[in-house]
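Trainee: Have a look at this one.
The values are calculated or read from the model by the stated rules, or taken from the named source; none is laboratory data. Note that the coordinates shown come from a computational prediction; the quantities given were computed from them, not determined experimentally. All Cβ positions, glycine included, derive from the backbone under ideal geometry; neighbour counts span all protein chains shown. Heavy atoms of the whole protein, side chains included, go into the accessibility calculation; ligands, DNA and RNA do not. Shrake-Rupley method; radii C 1.70, N 1.55, O 1.52, S 1.80 Å.
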Amino acid sequence: NAGVTQTPKFRVLKTGQSMTLLCAQDMNHEYMYWYRQDPGMGLRLIHYSVGEGTTAKGEVPDGYNVSRLKKQNFLLGLESAAPSQTSVYFCASSSPPGLAGLYEQYFGPGTRLTVT
Amino acid sequence: EDKVVQSPLSLVVHEGDTVTLNCSYEVTNFRSLLWYKQEKKAPTFLFMLTSSGIEKKSGRLSSILDKKELFSILNITATQTGDSAIYLCAAGYGNTGKLIFGQGTTLQVKP
């Protein structure tokens, strides 16, 4: 049981280049999330998905796109990278919170992206 | 605007000390308060609190939620160097499982 995995672990891009980050989970979770983490700012939600084929914007969606073609995968794309997108990116997954309010999310190991 | 605020932002203590980390929140449709520990990589889950006044404990760590005053605390007793980490507080809200995170408290425990 690998949990949540992310590829790649590290990447350096030049301004204007594009790339896709892949997140995969094997826990059969309905919900998936992409966050970015910058020093002193905690985790900020970029986009999320509540099921296969659905996506929605989070707190900081500009400059990013996502797709959820399969339940177990959630892709984050940067079409034209900018230095402001230098960050650590985390993917997470969860079950629906339900009436009990179970909000625990399971996180991947992160991708460190540098845009020069 | 929904927000979660943690204090202090950083803390340096010596092994054996007791620390209290604070988390206040103003979140519409609040459902749960979560604490995570983050060492070098992914945040790992510590506690989830949904009811006021009920303490949750795990070894030397404990946490409690006050839904009237809108805050939570995380206590760590007899700290060890392995407790050095960023501690993240998050509020769960709505029906989409989303979390709003605080800035995190960086704890350093010196031998």
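Trainee: Tell me which residues, restricted to the range B:29-47, are over 19 Å from A:Gly98 (Cβ atoms) and in contact (Cβ under 8 Å) with a residue 12 or more places away in the chain.
Mentor: Matches in the range B:29-47: B:Trp35, B:Tyr36, B:Lys37, B:Gln38, B:Glu39, B:Pro43, B:Leu46.
Trainee: While we're on this one: If I ask for residues that are under 19 Å from A:Asn65 (Cα atoms) and open to solvent by less than 10 Å² (accessible area, probe 1.4 Å), which ones from the range A:26-44 would you list?
Mentor: Those that are under 19 Å from A:Asn65 (Cα atoms) and open to solvent by less than 10 Å² (accessible area, probe 1.4 Å): A:Met32, A:Tyr33, A:Trp34, A:Tyr35, A:Leu43.
Trainee: Of everything in the range B:3-19, what is assigned to a strand (DSSP E or B), open to solvent by less than 60 Å² (accessible area, probe 1.4 Å) and away from every other protein chain (no Cβ under 12 Å)? Give them in sequence order.
Mentor: Of everything in the range B:3-19, those that are assigned to a strand (DSSP E or B), open to solvent by less than 60 Å² (accessible area, probe 1.4 Å) and away from every other protein chain (no Cβ under 12 Å) turn out to be B:Ser7, B:Leu11, B:Val13, B:Val19.
Trainee: Working carefully through the options B:Leu107, B:Leu34, find the one that is over 30 Å from A:Gly51 (Cβ atoms), part of a strand (DSSP E or B) and at pLDDT 95 or above.
Mentor: On the way: B:Leu34 fails: over 30 Å from A:Gly51 (Cβ atoms).
Just one listed residue meets the conditions, B:Leu107.
Trainee: Any residue at all in the range B:41-48 that is open to solvent by 60 Å² or more (accessible area, probe 1.4 Å) and not in a strand (DSSP E or B)?
Mentor: Looking only at the range B:41-48, we keep the residues that are open to solvent by 60 Å² or more (accessible area, probe 1.4 Å), and these are B:41, B:44-45.
Now drop any that are not not in a strand (DSSP E or B), which leaves B:41.
Within the range B:41-48, one or more residues are open to solvent by 60 Å² or more (accessible area, probe 1.4 Å) and not in a strand (DSSP E or B).
Trainee: Give A:Val60, A:Val66 a once-over and let me know the one that is open to solvent by less than 40 Å² (accessible area, probe 1.4 Å) and either modelled with pLDDT under 95 or within 25 Å of B:Phe45 (Cα to Cα) (or both).
Mentor: Details: A:Val66 fails: either modelled with pLDDT under 95 or within 25 Å of B:Phe45 (Cα to Cα) (or both).
One residue alone meets the criteria, A:Val60.
Trainee: Right, another one. Can you tell which of A:Gly101, A:Gly108, A:Gly77 is at positive phi, open to solvent by less than 70 Å² (accessible area, probe 1.4 Å) and not charged (D, E, K, R)?
Mentor: A:Gly101
Trainee: Does B:Gln108 satisfy the criteria of being touching a strand residue (DSSP E or B) at 6+ places or on another chain (Cβ under 8 Å), of a type outside the set (D, E, K, R) and surrounded by 18 or more Cβ atoms within 10 Å (Cβ to Cβ)?
Mentor: For B:Gln108, the condition - touching a strand residue (DSSP E or B) at 6+ places or on another chain (Cβ under 8 Å), of a type outside the set (D, E, K, R) and surrounded by 18 or more Cβ atoms within 10 Å (Cβ to Cβ) - is not met.
Trainee: Being buried (at least 22 other Cβ atoms within 10 Å of the Cβ) and either more than 17 Å from A:Cys91 (Cα to Cα) or more than 9 Å from chain A (Cβ to nearest Cβ) (or both) is the filter here; which residues of the range B:93-104 pass it?
Mentor: Answer for the range B:93-104, where residues must be buried (at least 22 other Cβ atoms within 10 Å of the Cβ) and either more than 17 Å from A:Cys91 (Cα to Cα) or more than 9 Å from chain A (Cβ to nearest Cβ) (or both): B:Gly102, B:Gly104.
Trainee: All but one of (1) assigned to a strand (DSSP E or B); (2) open to solvent by 50 Å² or more (accessible area, probe 1.4 Å) hold for B:Tyr25, so report the exception by its number.
Mentor: Tallying (1) assigned to a strand (DSSP E or B); (2) open to solvent by 50 Å² or more (accessible area, probe 1.4 Å), B:Tyr25 fails exactly one: (2).
Trainee: Still on this structure, I have one more. Looking at (1) over 21 Å from B:Lys110 (Cβ atoms); (2) touching a strand residue (DSSP E or B) at 6+ places or on another chain (Cβ under 7 Å), which is the only condition B:Leu61 fails?
Mentor: Status for B:Leu61: all satisfied but (1).
Trainee: Another question about this same structure. Taking the range A:1-21, which residues are free of Cβ contacts under 8 Å to residues at least 60 places away in the same chain and in a strand (DSSP E or B)?
Mentor: If the condition is that a residue be free of Cβ contacts under 8 Å to residues at least 60 places away in the same chain and in a strand (DSSP E or B), then A:Thr20 is the only one that fits.
Trainee: Among the numbered conditions (1) closer than 20 Å to B:Gly97 by Cβ; (2) within 14 Å of another protein chain (Cβ to nearest Cβ), tell me where A:Ala2 comes up short.
Mentor: (1)
Trainee: Moving on. Does the range B:20-78 hold any residues that are away from every other protein chain (no Cβ under 14 Å) and of a type in the set (A, V, I, L, M, F, W, C), and which are they?
Mentor: B:Leu61, B:Ile64, B:Leu70, B:Phe71, B:Ile73, B:Leu74, B:Ile76, B:Ala78
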